[in-house]
Amino acid sequence: MNKFSIERVDFSILVPALLLVFISLSTFYSIDTTLFRQQLIFLIIALVFYLIFLNLNFRIFAIYSKQIYFFSLFILLITFIIGIEAKGAVRWIEFLGIRIQFSEVLKPFFIIFMSAFLSSGETKSLLRFVKTILLISPIIFLILKQPDLGSASVYFVSAILTVFIYGFPLSYLISLSLLILIPLPLLYNFLHDYQKDRILTFFNSSHDPFGSSYNAIQALISIGSGGIFGKGYGQATQSILRFLPERHTDFIFATITESLGFIGGGIILFLYVYLLFRIYKIAKSAQDSFSYLVVMGAFFLFLTQTFFNIGMNLGLLPIVGITLPFMSYGGSSLLTSFILLGIISSISFESRNKILMEIR
């Protein structure tokens with residue numbers, strides 16, 4: 001581990017991330033002080049891990065990428081054996097009284113071993129493309145089997161976008177898309193009943209207003225009732241009176257916009273756009289292929305997760321259960337986001353250091 005220095009911190013990505021966290025914390029305080037206290041503890045733990053990964057030599061992850069890959073498979077497999085079932089899914093392992101959702105925590109390491117594999121060779125042949133898809137498929141399949149359609153979707157889309165920017169011919173990606181899309185109607189029969197209902201709800205929001213459509217309808221009511229300036233903290237009836245389900249996790253955006261209105265929602269979107277822009281700039285200044293792919297993988301992960309979550313809050317996408325980075329309640333999600341920030345900041349520091357050395 002490197003010696004800690006304030007210079008290692010990239011405030012251009014840390015500040016917008018912390019602002020997003022503080023907006024969510026203030027919202028939790030207004031609807032439930034217990035949620036606020038617990039999320040504050042999660043934040044402290046997440047910041048500790050941020051500092052750890054900030055000061056680690058990130059290149060060590062490339063050296064041990066194979067071990068990381070097989071450990072990820074092991075963790076996902078053992079989840080089915082010792083995991084805790086909740087709401088019909090087995091996604092959590094309890095450790096010392098703390099529940100950890102490894103499909104969340106493994107996201108940074110998924111990006112790392114995929115980036116290490118891609119950057120280890122120069123060829124962009126069809127064989128290498130097939131090997132890459134075969135590498136990531138078991139991870140996505142195991143997450144899908146939990147079942148966790150939301151996380152599996154984030155993994156898949158982020159991976160495909162990372163593979164695309166690596167430089168494989170577009171024809172390979174089009175062929176893969178066709179192989180997935182053609183049998184997609186047949187896969188509908190293998191979905192769980194609640195997943196089928198969510199798809200039907202997306203196409204017809206009045207499909208089951210007191211059942212499967214309830215969440216989507218209440219989210220839109222919450223966002224609409226916030227108006228331009230919002231109802232104000234402590235005045236958001238949809239979330240405080242619990243009309244809005246999952247008000248602190250999947251639908252935190254709807255909860256916040258009810259309190260802060262269109263203006264608040266706009267500020268949140270601006271912070272995400274700025275954060276993503278800064279991450280993209282760091283990727284462009286990366287010193288090698290591995291660093292570039294890791295940062296771009298993180299960029300696509302944040303982009304996909306934010307787009308999916310806000311999209312389903314607005315009724316633009318089906319509800320699949322995806323947290324909003326830095327804002328949704330939960331230790332696993334917050335921990336994952338700050339681990340990624342730590343790794344990105346470490347890469348940013350190396351790039352800035354190299355530029356300074358070249359100038360001198």
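The values are calculated or read from the model by the stated rules, or taken from the named source; none is laboratory data. Everything numeric in this text was worked out from a predicted model, so none of it was measured. Positions of Cβ are backbone-derived with ideal geometry, glycine not excepted, and every protein chain shown enters the neighbour counts.
Which of the residues that make up the range 2-18 are modelled with pLDDT of 80 or more and surrounded by fewer than 16 Cβ atoms within 10 Å (Cβ to Cβ)? Outline the logic, then answer.
First, the residues of the range 2-18 that are modelled with pLDDT of 80 or more: 6-18.
Result: Ile6, Glu7, Phe11, Val15.
A quick yes/no check of all residues on (1) of a type in the set (A, V, I, L, M, F, W, C); (2) modelled with pLDDT under 85; (3) part of a helix (DSSP H, G or I):
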site: Leu161; (1), (2), (3): yes, no, yes
site: Phe164; (1), (2), (3): yes, no, yes
site: Phe202; (1), (2), (3): yes, yes, yes
site: Gly227; (1), (2), (3): no, no, no
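Suppose the filter is closer than 22 Å to Ile23 by Cα, in contact with a His (Cβ under 9 Å, 6 or more places away or on another chain) and either surrounded by fewer than 24 Cβ atoms within 10 Å (Cβ to Cβ) or modelled with pLDDT of 95 or more (or both); does Gly330 pass it?
Here the answer is yes, as Gly330 does meet what is asked.
Looking for whichever is in contact (Cβ under 8 Å) with a residue 24 or more places away in the chain and within 30 Å of Ile347 (Cα to Cα) here; the options are Leu244, Leu301, Leu317, Leu220. Which one fits?
Just a single option satisfies the conditions, and that option is Leu301.
In the range 113-131, how many are touching a Gly at 6+ places or on another chain (Cβ under 9 Å) and part of a loop (DSSP other than H, G, I, E, B)?
Within the range 113-131, residues that are touching a Gly at 6+ places or on another chain (Cβ under 9 Å) and part of a loop (DSSP other than H, G, I, E, B) number 1.
Can you give me the number of residues within the range 72-113 that are under 18 Å from Ala159 (Cβ atoms) and either of a type in the set (S, T, N, Q) or out of contact with any strand residue (DSSP E or B) (no Cβ under 9 Å at 6 or more places or on another chain) (or both)?
Total satisfying the criteria: 13.
Keeping to the range 313-329, report how many residues are within 7 Å of Asp250 (Cα to Cα) and β-branched (Val, Ile, Thr).
Counting residues in the range 313-329 that are within 7 Å of Asp250 (Cα to Cα) and β-branched (Val, Ile, Thr) gives 2.
State yes or no: is Ile81 free of Cβ contacts under 8 Å to residues at least 24 places away in the same chain and either part of a helix (DSSP H, G or I) or buried (at least 20 other Cβ atoms within 10 Å of the Cβ) (or both)?
It is true that Ile81 is free of Cβ contacts under 8 Å to residues at least 24 places away in the same chain and either part of a helix (DSSP H, G or I) or buried (at least 20 other Cβ atoms within 10 Å of the Cβ) (or both).
Checking Ile263 against (1) more than 21 Å from Val154 (Cα to Cα); (2) at pLDDT below 90; (3) part of a helix (DSSP H, G or I): exactly one of these is not met. Which one?
Unmet condition: (2).
Would it be correct to say that Gly311 is part of a helix (DSSP H, G or I), within 16 Å of the chain's Cα centre (by Cα) and farther than 30 Å from Tyr64 by Cα? Outline the logic, then answer.
Details: part of a helix (DSSP H, G or I): yes; within 16 Å of the chain's Cα centre (by Cα): yes; farther than 30 Å from Tyr64 by Cα: yes.
It is true that Gly311 is part of a helix (DSSP H, G or I), within 16 Å of the chain's Cα centre (by Cα) and farther than 30 Å from Tyr64 by Cα.
Report, by residue number, each residue of the range 261-280 that is under 30 Å from Gly167 (Cβ atoms) and in contact (Cβ under 8 Å) with a residue 24 or more places away in the chain.
Selection gives Tyr272, Tyr274, Leu275, Leu276, Arg278, Ile279.
I'd like to check something: does the range 234-252 contain any residue that is buried (at least 19 other Cβ atoms within 10 Å of the Cβ), outside any loop (DSSP other than H, G, I, E, B) and at pLDDT 90 or above?
Yes, the conditions are met somewhere in the range 234-252.
Among the residues of the range 268-291, write down those that are β-branched (Val, Ile, Thr) and surrounded by 15 or more Cβ atoms within 10 Å (Cβ to Cβ). Can you show your working first?
Taking the range 268-291 as the starting set, the residues that turn out to be β-branched (Val, Ile, Thr) are 268, 273, 279, 282.
The answer is Ile268, Ile279, Ile282.
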